[in-house]
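Please find one structure pasted underneath; my questions will follow.
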Amino acid sequence: NPYAGLVSQLRASWLSRKTRPMGYRVAQLEALGHFLDERKQEILEATAADMGKPPFEVELSEILMCKNELHETLNNLSHWMKDKQVDRPLATRLDSAFIRNEPYGVVLIIAPWNYPIHLLVMPLIGAIAAGNCVIVKPSEISKNTERLMAEMLPSYLDKDCFAVVTGGAQETTTLLENKFDYIFYTGSPRVGRIVMTAAAKHLTPVTLELGGKNPCYVSDTCDVPNVARRVAWGRFFNAGQTCIAPDYLLCSLEMQEKLMPALRQAITEFFGPNPQESPDFGRIVGDKQFRRIRALLCSGRVAIGGQTDEAERYIAPTVLVEVQPSDPVMQEEIFGPILPIVVVANMDEAIDFINARERPLVIYAFSSNDKVVNQVLERTSSGGFCGNDTLLHVTLTSLPFGGIGNSGLGMYHGKFTFDTFSHCRGCMKRGMGREFLNASRYPPYTQKKFGIIRATSKVARKDDCTLL
């Protein structure tokens, strides 16, 4: 296996305990911050070359969010690393019992192409903070960013403990044959199953950050222009190539009629009369992805947009109406700048529609009535939830981010990233003396001995009392 030597090298570094001291972790995290600062222009150029990403979107979603994660980690790492003392019953009151966060060992992070800096660096921050050695695998589809990461990142991090591996599906398959102590994968459910199967051969734990069709319910009582702007921003950010973008709208026919002019106005406000000429609207990452998304335009009827340019891999911000649940656009995650609207009679029908499908990465609900938003929250299940806006929940380092069911397994962001890459080791330390206190647990057994153990070891309900 061509990667066996690299994995062995990193494992030797981890076994040497080089990554354990807090000072080492902080130094590597700060070096990662220097990479983001010093290579900012190269990041802007690489993401523009790959996807036509507007600099504003790159600075917000690729750089600022990573810096926020980094600073949150550096601000709290000493606290996160401390042993956590736990409660003890009377029988072990004189002993020490605590949880120690320990690194898993050598971990693998496989990143996708749609946010090629963000979705590689964010988990890397937590993996470093937790004391692991790491191999990162950027996506070969965003080839300019892949080259940047492969050439530049190793010059900032300790090469004995961190490495970048490049290549496509074949190389990734070969890489996965090696034994890792943790695997963090972001991508599609289809490939997620492949990763999980490979991990199972070594009983390796995984985090799978996947995707799905994120529903967005709009009730009949809402501020229509505000809804249109917030939905259009979330759907067309990064040309729709966002795993948490609203994938389709659910609303009444009456609300659809109100939304159409508002959505048209919002798109014009954002990107001008011809979005193809806008510096603020990106492009599809590759020819294969372009053709797949373009084929979805046959669903329903194009009400807004619909223009395409294969030479530029451009697909206009598009809204589809008269969409049926059986249409192709409703059978897969769109991952492009297309917004289908599915008409429902009311909130109950919308909730039934959502619950009849795989649990999504996020559910959005818009209403001026907070009870409606709460009903959607309480009666559905998803990785995350955002009421009366889109995407913004992912910017909070205080909230866990992750899927459920088909949309993923595990979570990260802020302390949740540190926890994901840490093994919680339950520890207990006792003194060698006071052996008389152990007499009641040793044979020969008697009912009296058990009574003593029960009285000193039980966890009582509140307001419950024990008579000795």
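The values are calculated or read from the model by the stated rules, or taken from the named source; none is laboratory data. Remember, predicted model here, so these are calculated numbers, not experimental data. Methodologically, a virtual Cβ is constructed for each residue, glycine included, from the backbone with ideal geometry; neighbour enumeration extends over all protein chains shown. What goes into the accessible areas is simple: the full protein's heavy atoms, side chains included, and nothing from ligands, DNA or RNA. Shrake-Rupley method; radii C 1.70, N 1.55, O 1.52, S 1.80 Å.
Which one, Leu203, Gly414, Leu253, is farthest towards the positive end of the dipole of the chain when Lys and Arg carry +1 and Asp and Glu -1 on their Cβ?
The one lying farthest along the dipole's positive direction is Leu203.
Still on this structure: Classify the chain as rounded, prolate or oblate, taking a ≥ b ≥ c as the square roots of the eigenvalues of its Cα gyration tensor: rounded when a/c is under 1.5, otherwise prolate if a/b is larger than b/c and oblate if not.
Judged from the Cα gyration tensor, the chain comes out oblate (a/c at least 1.5, b/c at or above a/b).
Got a sec? Charge dipole of the chain, +1 on Cβ for Lys and Arg, -1 for Asp and Glu; which of Thr92, Ile304, Gly402 is way out at the positive end?
Thr92
Can you tell me the order of 81-94, 99-112, 117-130, 369-382 when each peptide is scored by its average per-residue count of other Cβ atoms within 10 angstrom, highest first?
117-130, 99-112, 369-382, 81-94
Next question, about the same structure. Taking a threshold of 32 Å on the Cα-Cα distance, which of the pairs Lys82/Lys213; Lys201/Lys458; Lys53/Lys84; Lys137/Lys201 fall above it?
In this structure, Lys82/Lys213; Lys201/Lys458; Lys53/Lys84 exceed 32 Å between Cα atoms.
About its Cα centre, what dipole magnitude does segment 215-403 give when the only charges are +1 on Lys and Arg Cβ and -1 on Asp and Glu Cβ, stated in debye to the nearest 20?
320 debye
Working from Cα positions, state the angle (0 to 90°, nearest 10) between the long axis of helix 143-152 and the longest principal axis of the chain.
Tilt relative to the chain: about 40 degrees.
Shifting gears a bit: Quick check for me: using +1 on Lys/Arg Cβ and -1 on Asp/Glu Cβ, what's the dipole size of segment 336-432 about its Cα centre, in debye to the nearest 20?
It comes to approximately 740 debye.
While we're looking at this one, here's another question. Does segment 380-468 come out rounded, prolate or oblate by the C-alpha gyration tensor, with a ≥ b ≥ c the root eigenvalues, rounded set by a/c under 1.5 and, if not, prolate when a/b is larger than b/c and oblate if not?
prolate
To continue, here is another question. Provide the per residue accessible area, probe 1.4 Å, for the chain, rounded to a whole number of square angstrom.
Per residue, the chain has 46 Å² of solvent-accessible surface.
Summing -39500 (n - 2.57) over the DSSP H runs of n ≥ 4 in the chain and dividing by its residue number, what mean residue ellipticity at 222 nm do you reach, to the nearest 500 deg cm²/dmol?
The helix contribution divided over the chain gives -11500 deg cm²/dmol.
Using the Cα centre of the chain as origin and beta-carbon charges of +1 (Lys, Arg) and -1 (Asp, Glu), tell me which of Gly52, Val329, Ser16 is placed farthest towards the positive end of the dipole.
Ser16
Which net charge results when you count Lys and Arg as +1 and Asp and Glu as -1 among the other residues whose beta-carbon is under 11 Å from that of Ile351?
Result for the local shell: -3.
Helix 447-457 versus the longest principal axis of the chain: what is the Cα-based angle in degrees, 0 to 90, to the nearest 10?
Roughly 50 degrees, rounded to the nearest 10.
Let me ask something else. Rounded to whole Å, give me the distance from the Cα center of segment 159-225 to that of segment 334-393.
When both Cα centres are located, 24 Å separates them.
Given segment 215-403, what whole percent of its Cα pairs are spread farther than 25 Å?
When every Cα pair of segment 215-403 is considered, 30 percent fall beyond 25 Å.
Charges only on Cβ, +1 for Lys and Arg, -1 for Asp and Glu: so what's the dipole of the chain about the Cα centre, in debye to the nearest 20?
Dipole magnitude for the chain comes out near 2800 debye.
Treating the angle as unsigned and between 0 and 90°, give the value, to the nearest 10°, between the Cα long axis of helix 224-236 and the longest Cα principal axis of the chain.
Compared with the principal axis, the helix lies near 70 degrees.
Assuming R0 = 22 Å, what is the FRET efficiency of Asp327 and Ala48, from their Cβ-Cβ distance, to the nearest 0.05?
For Asp327 and Ala48, the calculated efficiency is 0.10.
For segment 434-443, what does the Karplus curve 6.51 cos²θ - 1.76 cosθ + 1.60, with θ = phi - 60°, yield as ³J(HN,Hα) per residue in whole Hz, taken in order and with x for Gly and Pro?
Those phi angles translate into 6, 5, 4, 6, 8, 4, 5, 8, 8, x Hz.
Cβ neighbours within 10 Å, averaged per peptide: list 359-365, 57-63, 199-205, 436-442 in order, most packed at the top.
Per-residue mean Cβ counts within 10 Å order the peptides as 359-365, 57-63, 199-205, 436-442.
What are the ³J(HN,Hα) couplings of segment 366-378, residue after residue, when phi is run through the Karplus curve with 6.51, -1.76, 1.60 and θ = phi - 60°? Round to Hz, x for glycine and proline.
Whole-Hz 3J(HN,Hα) from phi for segment 366-378: 10, 6, 6, 9, 4, 5, 5, 4, 5, 4, 4, 4, 6.
Further question: Express in Å², to the nearest 10, the accessible area of Ser422 obtained by rolling a 1.4 Å probe over the protein heavy atoms while all chains stay in place.
Surface accessible to solvent at Ser422 totals approximately 10 Å².
May I ask you to list the aspartates and glutamates whose Cα is less than 12 Å away from that of Lys415, ignoring any residue fewer than eight positions away on the same chain?
Within the straight-line cut-off, Lys415 pairs with Glu69, Glu72.
Any idea of Trp113's accessible area? Nearest 10 Å², probe 1.4 Å.
The accessible area comes out at roughly 40 Å².
Pairs of alpha-carbon atoms within less than 8 angstrom and 6+ residues apart define the contacts here; what relative contact order does the chain have, in percent?
It rounds to 18 percent for the chain.
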